[in-house]
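Here the structure is laid out as structure tokens; the discussion comes afterwards.
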Amino acid sequence: MPTWEDWIEDLRCVMDAVGIGSAAIFAEAEAGATAMLFAATHPDRVQALVLGNTAARYAASPDYPIGLSHAEIDLVVSGITDGWGSTDKWTDGLRLAFPGLAADEPDVRALARLCRAAATPRLARTLFTYVYDELDVRDALALVQVPTLVIHNQAEHRSGFSRYLVEHITDARIVEVPGEDYLFFAGDHEPVINEVAAFLTGERPRAEIDRILTTVLFTDIVDSTKVATDVGDQRWRVILDSHDRVVRDQLRRFRGEEVNTTGDGFVARFDGPARAVSCALAIAQEARELGIEIRSGLHTGECELRSGEIAGLAVHIAARVSSCAGAGDVFVSRTVADLVVGSGLIFDDRGEHVLKDVPGEWRILAATGS
């Protein structure tokens, strides 16, 4: 197993290889110890430190009562390493460390693959047991002489670990950001980026926001939990992979842009409502041939476009329209139906609906073909 000295040397070698004399270092979770020790032993190579959800020591001791008990450490280590790299057995661990990620099947598969590439299950357990039971870099904190930003999110024990770092690193300050995921990438990382940018540059980044008229499509698999239970995990993964390919093939065909996934569904946007409706109909037909039923909802409206993500009331309306749909349904708002007059698409009126958290009543129609 690599030692902390090995990891410090790795960091130095990488900086030498790419010609970086000194740098600001961002380190999360277990990597925090390496960064703190590196700053203490190579102060000329570090301009600033950003430490996220990390600690100088994790285990409780008489002079460190904020630490975790042995029972808590066993729970954490088991949660991380039981079923290491296996999507079948890893759900509880993911919920513990990444509550915002556990339901996102593609990301779970990607993270599991990364873990398999990084370490064997035995090495992972040995490593995390060492980190949580024995890691202690408290003596190095007084030697960290660079500006340090300590970031933590809302799990209670992280605030205690963070306050300890700030109290013992000379030039350190603390900030709390929303979320509960252990590593920031799994949750809303924009607040973290903003805090880091402000710390390192003195200015928060200005988000480029474009307001556009777009058609938003929500899709999801009907009764996905029941289907997964009926067919078993292995077959369900095959079905999900096939479903994802079908959706992405149709998005390419109808020039839609994937915004994100929702576990067993997709969010996409189109610059033309007729193509969006036709795409939803094609997805429903292709999915039926896989033995699953898709429901879809569409609405056209003004959205904020920011770094590929979309936001605004139009997104919420499309999601609520989708929630009204049943197996095989492609539901659209009246706005969409009005915009595609003359396209040859056919709709059935499904009446007025009250959409949750959306003001007024909304007429919904079902696209039945062309």
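Quick notes
- The distance linking region 98-127 with region 225-295 is 25 Å (Cα centroid to Cα centroid, whole angstrom).
- For region 285-370, the percent of C-alpha pairs falling in each 5 Å distance bin, counted from 0 to the bin holding the largest distance, reads 3, 14, 23, 22, 18, 13, 6, 0.
- Taking N as its residue count, the alpha carbon Rg of region 133-196 over 2.2 N^0.38 Å: 1.17
- Computed from the C-beta positions of Val238 and Ile174 and an R0 of 45 Å, the FRET efficiency is 0.45 to the nearest 0.05.
- Each residue of region 179-257 gets 177 Å³ once the volume of the Cα convex hull is shared out per residue.
- Using the Cα coordinates of region 170-311, the gyration tensor eigenvalues translate into equivalent-ellipsoid semi-axes of 36, 22, 10 Å, sorted from longest to shortest.
- Surface share of carbon and sulfur [accessible, 1.4 angstrom probe, percent] for the chain: 51 percent
- Of Met15, Met1, the residue with the largest accessible area leads and the full order is Met1, Met15 (1.4 Å probe).
- Scanning residues 5 or more positions from Leu49 or on other chains, those with amide H under 5 Å from its amide H are Ile25, Thr148, Leu149, with H placed 1.01 Å from N in the peptide plane.
- Looking at region 196-255, the accessible area is 65 square angstrom per residue; that uses a 1.4 Å probe and ignores ligands, DNA and RNA.
- Residue-wise HN-Hα coupling along region 232-245, computed from phi with Karplus coefficients 6.51, -1.76, 1.60 (Hz; x: Gly, Pro): x, 4, 5, 5, 5, 5, 5, 4, 4, 4, 5, 4, 4, 5
- Once both labels are positioned 7 Å from their Cα atoms along Cα-to-Cβ, the gap between Arg350 and Ser86 label points is 4.1 nm.
- With DNA, RNA and ligands ignored, accessible area of Ser22 (1.4 Å probe; Å², nearest 10): 40 Å²
- Here the chain is scanned for GluC sites (Glu not before Pro) in DSSP loops (not H, G, I, E, B) that have at most 10 other Cβ atoms within 10 Å, and the longest stretch holding none of them is 1-202.
- Gyration tensor verdict on the chain (Cα atoms; rounded if a/c is under 1.5, prolate if a/b is larger than b/c, oblate otherwise): prolate
- A probe of 1.4 angstrom, applied to the heavy atoms of all protein chains, finds Phe98 with accessible area near 20 square angstrom.
- Residues in region 113-159 average 55 Å² of solvent-accessible surface per residue, probe 1.4 Å, ligands and nucleic acids excluded.
- Region 1-122 - Rg over Rh from alpha carbon coordinates, Kirkwood radius: 1.02
- Residue-level accessible surface for Asp88, protein heavy atoms, 1.4 Å, Å²: 80 Å²
- Between region 134-177 and region 310-334, the Cα center-to-center distance that results, in Å: 45 Å
The values are calculated or read from the model by the stated rules, or taken from the named source; none is laboratory data. What you are looking at is a predicted structure, and each value in this text was computed from that prediction instead of being measured. Cβ sites come from the backbone with ideal geometry, for glycine too, and all protein chains shown count toward neighbours. Protein only, heavy atoms only, side chains kept; ligands, DNA and RNA dropped before computing areas. Shrake-Rupley method; radii C 1.70, N 1.55, O 1.52, S 1.80 Å.
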